[in-house]
1. So for segment 201-215 (the condition being open to solvent by less than 40 Å² (accessible area, probe 1.4 Å), touching a strand residue (DSSP E or B) at 6+ places or on another chain (Cβ under 6 Å) and in contact (Cβ under 8 Å) with a residue 60 or more places away in the chain), does at least one residue qualify?
2. Taking segment 759-799 as the region of interest, how many residues are of a type outside the set (S, T, N, Q), under 14 Å from ILE457 (Cα atoms), assigned to a helix (DSSP H, G or I) and touching a residue at least 40 places away in the same chain (Cβ under 8 Å)?
3. Among the residues of segment 275-298, is there at least one that is at pLDDT below 90, surrounded by 16 or more Cβ atoms within 10 Å (Cβ to Cβ) and at negative phi?
4. Which count do you get for residues in segment 598-634 that are in contact with a strand residue (DSSP E or B) (Cβ under 6 Å, 6 or more places away or on another chain), assigned to a strand (DSSP E or B) and surrounded by 15 or more Cβ atoms within 10 Å (Cβ to Cβ)?
5. Can you name the residue in segment 115-126 that is open to solvent by 30 Å² or more (accessible area, probe 1.4 Å) and in a strand (DSSP E or B) and, of all such residues, is farthest from GLU254 (Cα to Cα)?
6. Hey, any hits in segment 438-457 for a residue that's without any contact (Cβ under 8 Å) to a residue 40 or more places away in the chain, farther than 20 Å from GLU580 by Cα and open to solvent by less than 40 Å² (accessible area, probe 1.4 Å)?
7. Hey, among the residues in segment 466-488 that are open to solvent by less than 40 Å² (accessible area, probe 1.4 Å) and either in a helix (DSSP H, G or I) or of a type in the set (Gly, Ala, Ser) (or both), which one's nearest to ALA554 (Cα to Cα)?
8. Within segment 496-587, considering only strands (runs of 3 or more DSSP E) that don't extend past its boundaries, which have at least 1 residues that are among the hydroxyl-bearing types (Ser, Thr, Tyr)?
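The values are calculated or read from the model by the stated rules, or taken from the named source; none is laboratory data. All of these numbers come straight from a predicted model, not from anything done at the bench. Every residue, glycine as well, gets a Cβ built from its backbone with ideal geometry; the counts of neighbours run over all protein chains shown. Ligands, DNA and RNA are excluded from the accessible area calculation, which covers all protein heavy atoms including side chains. Shrake-Rupley method; radii C 1.70, N 1.55, O 1.52, S 1.80 Å.
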Amino acid sequence: MRLTDDPARAGTVDGFYFLLLNFYFNKMLRNYLKIAWRNLLKNKAFSFLNISGLAIGMASALMILLWVQNEVSYDQFHKNKDNLYEAWNRGVSDTKIQCWDNTPNILGPTLKKDYPEVADVVRTIGGSFVTAVGDRKFSSAYLIVDTGFLTMFSFPLIQGNLQTALNDIYSIVITEKMATRLFGKDDPMNKQIKIDSNNFTVTGIMKDLPTNTRFSFEYLLSWKMMNKLGWDDEFWDNNRPNTFVLLKPHVNFESLSARIKTISQIHSKGAVKEEIFLHPLNKWHLYSKFENGKEAGGLIDTVRMFMLIAGFILLIACINFMNLSTARSEKRAKEVGIRKVSGAYKSSLIIQFLGESLLIAFISGILGLLLVQVFLPYYDIMIGKQLMLPYLNPYFWFYALLFILITGLLAGSYPAFFLSSFKPVSILKGKFKNSQVLVTPRRLLVILQFSFAIILIISTMVVAEQIRFAQKRDAGYDRSQLVYHFMTGTLTKNYAMVKNELLQSGIATTVNRTSWPLTEIWSDTWDIGWEGKSPYDKTDFDRFSTDDNLVKTAGLKLIEGRDMDLTRFPTDSTAALLNESAVKTMGFKNPIGQLITDNGKTYHVIGVIKDFILKSPFDPVSAMAIEGSVSNTGLNVLNVKLVAGSNAQDNMSKMEKILKKYNPDYPFEYHFVDEAYAKKFEDTKHTATLSALFAGLTIVISCLGLFGLASFMAVQRTKEIGVRKVFGASVLNLWLLLSRDFIILVLISLCIAVPISWYFMQKWLLQFEFEYRTALSLWIFVTAGLGAILITLLTVSYQSLKAAIANPVTSLRTE
């Protein structure tokens with residue numbers, strides 16, 4: 001009877017074999033780990049270069065992926081995310097099809113009433129009011145919303161009822177942070193908060209908003225406040241709120257979007273020409289750019305770019321590992337030969353070398369996590385976000401281990417197959433090397449490393465140059481010593497006295513009011529009319545209101561005519577200033593005295609000013625009409641031009657006393673115009689900063705690899721250097737000899753990197769208007785090339801000079 005015929009004996013024998021195999025594999029695994037660990041300790045310099053290079057590469061990739069994860073997760077936490085959409089407008093402006101996300105107030109209720117596919121609609125309008133509880137007063141960001149906001153979006157309440165919290169006109173829902181600012185440790189529920197002259201009752205406390213949401217507010221007010229404020233209307237040509245639509249399950253949003261396309265045109269009886277379409281939640285953050293009415297990407301392009309950078313940085317770190325491992329092939333060759341002669345299979349050698357790389361990758365991964373934890377606060381400051389490592393999330397550890405495993409396999413695959421492929425006979429005869437081969441995998445990998453590093457250097461320089469180009473652009477007004485403060489409380493009633501004291505105290509040279517800050521535009525229209533205007537003209541005009549001395553206060557450049565002066569010319573309340581672009585659009589040869597209309601009101605042109613930047617410094621200036629304020633209404637901002645050369649801190653202290661005197665119930669919250677203007681560059685600066693950071697890290701990783709390669713090369717050529725010195729070679733000759741190979745590789749990298757970077761950066765610059773983008777200057781590429789060569793020389797020179805000045809007697813005695 002066979003052993004397997006008896007179940008009991010079969011089980012015993014199978015169990016014995018299982019234990020035997022288990023013992024064998026455990027012992028083999030322990031041996032591999034011992035060998036790997038001994039190799040690490042034996043070759044400390046090699047281990048340091050490999051571990052540090054991989055750790056920096058993995059930390060860099062992880063930091064980029066943290067940023068990417070934050071960007072792609074925007075508003076993905078809402079339970080209704082698959083059925084949430086935002087209504088957008090699409091219309092012709094300046095001969096182009098433009099898209100924008102402001103819609104008529106009446107659109108939301110109409111969609112909810114007339115379309116059964118719509119489950120709910122919420123409108124939102126944001127801004128800031130001064131909130132007060134006792135002596136605690138400060139401006140805070142509000143969001144006026146329909147009552148369904150809390151059930152449509154997943155912003156959980158700590159206290160309060162989601163269904164009823166915003167039912168009353170004087171209800172207010174505040175965030176945890178605002179609750180602490182206003183009430184300290186007291187329970188805020190059902191307590192009063194004063195906003196302007198009205199008291200609101202706290203009906204809910206919301207968890208602080210996450211960093212990955214498009215919404216930004218400190219408290220919510222009911223839409224019923226819109227009627228009280230006089231902001232609600234039923235005009236289809238007045239676009240103000242954002243309108244969010246929740247569709248019922250299984251509704252085809254594209255079909256519905258096509259059906260509501262002409263809703264504004266139908267209800268306005270053709271007076272409105274714009275179309276409405278739905279934009280899904282999963283595209284709000286990443287796909288918010290439209291060109292000629294069609295989706296054209298947006299932040300997703302930056303996300304893809306940095307994902308590519310993360311991949312290449314990790315690849316460069318792996319290339320370092322490959323190069324350094326294969327460079328040590330001579331030292332490992334005898335080990336491989338002896339083991340093969342002793343009966344070792346190629347597969348077992350591959351497993352051993354992969355095990356070594358996985359051990360290094362694991363150590364590097366732990367070190368990389370520590371580096372991220374240490375530098376994450378500084379990284380947050382650089383990118384303007386608050387990121388964190390989710391240590392308590394089990395998926396994080398799963399993906400972290402998978403990340404380390406993939407990195408280890410990627411880094412160790414080539415060395416494992418390369419080293420295990422040596423033939424024992426060739427090894428023992430010392431003929432396994434072929435140093436005369438012109439193209440080797442190691443050289444190709446170095447070329448790839450430096451090609452990417454140079455591409456990043458050039459890209460960083462181009463982005464920085466574009467920022468400098470925009471910063472040097474003439475803004476059209478004098479931002480220095482210009483301060484603004486919102487007209488809160490009783491400042492409007494006491495404006496004359498406030499203005500007089502500011503001038504009499506020696507703080508200010510001029511004072512005036514505008515409808516909004518000089519760095520923003522809150523209103524635009526297609527309805528500006530003038531004599532000879534074509535009925536097909538759809539030019540979009542920026543507009544705002546002002547009183548006296550705008551040109552003088554803001555330092556605008558007057559081309560012809562005069563400034564507003566209500567004291568000398570009371571009719572200036574119906575006067576207008578036009579910018580150059582507006583005059584060009586209207587075709588006025590003699591603009592002074594011309595009449596224009598806006599929203600049924602007629603204005604006479606008294607002056608023309610040079611174009612100045614209200615919006616992005618990267619975009620062209622729009623046509624603009626600056627209108628006198630009828631009865632001084634709608635002037636929300638106090639502009640103060642400080643005396644040049646005076647102490648800003650003393651001026652602010654004096655200004656605070658004056659404003660507090662006439663407006664005691666509101667905080668003094670001022671803003672410098674030049675600081676507000678500088679914020680327009682923040683997004684582009686973040687891109688430049690990230691590019692510079694990771695370009696620098698790429699160079700560091702590449703240099704670690706070059707340093708190691710130069711070291712091994714110098715060791716391999718020890719006898720050659722000794723012979724050359726004996727025959728009279730100078731230190732300079734030997735330094736050039738040892739550095740030449742690396743310089744050639746960098747020059748080849750330049751030939752690859754320059755056309756690639758030129759193509760992609762030219763494409764990036766095309767997003768800016770022609771007049772407002774820098775040129776791809778030759779000096780950028782020359783500087784990047786010289787920088788790469790200099791970095792290479794500095795990296796390899798230490799080892800080259802060390803080998804060149806060594807005693808030739810010692811090197812010739814080396815066996």
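1. Within segment 201-215, not a single residue is open to solvent by less than 40 Å² (accessible area, probe 1.4 Å), touching a strand residue (DSSP E or B) at 6+ places or on another chain (Cβ under 6 Å) and in contact (Cβ under 8 Å) with a residue 60 or more places away in the chain.
2. 10
3. Within segment 275-298, one or more residues are at pLDDT below 90, surrounded by 16 or more Cβ atoms within 10 Å (Cβ to Cβ) and at negative phi.
4. Residues in segment 598-634 being in contact with a strand residue (DSSP E or B) (Cβ under 6 Å, 6 or more places away or on another chain), assigned to a strand (DSSP E or B) and surrounded by 15 or more Cβ atoms within 10 Å (Cβ to Cβ): 12 in total.
5. Narrowing segment 115-126 to residues open to solvent by 30 Å² or more (accessible area, probe 1.4 Å): 115-117, 119, 126.
Filter again for in a strand (DSSP E or B), leaving 119, 126.
Values: ALA119: 16, GLY126: 28 Å.
Checked segment 115-126; the qualifying residue farthest from GLU254 (Cα to Cα) is GLY126.
6. Yes, that holds for at least one residue.
7. Top of the filtered list is GLY476.
8. 508-514, 541-546
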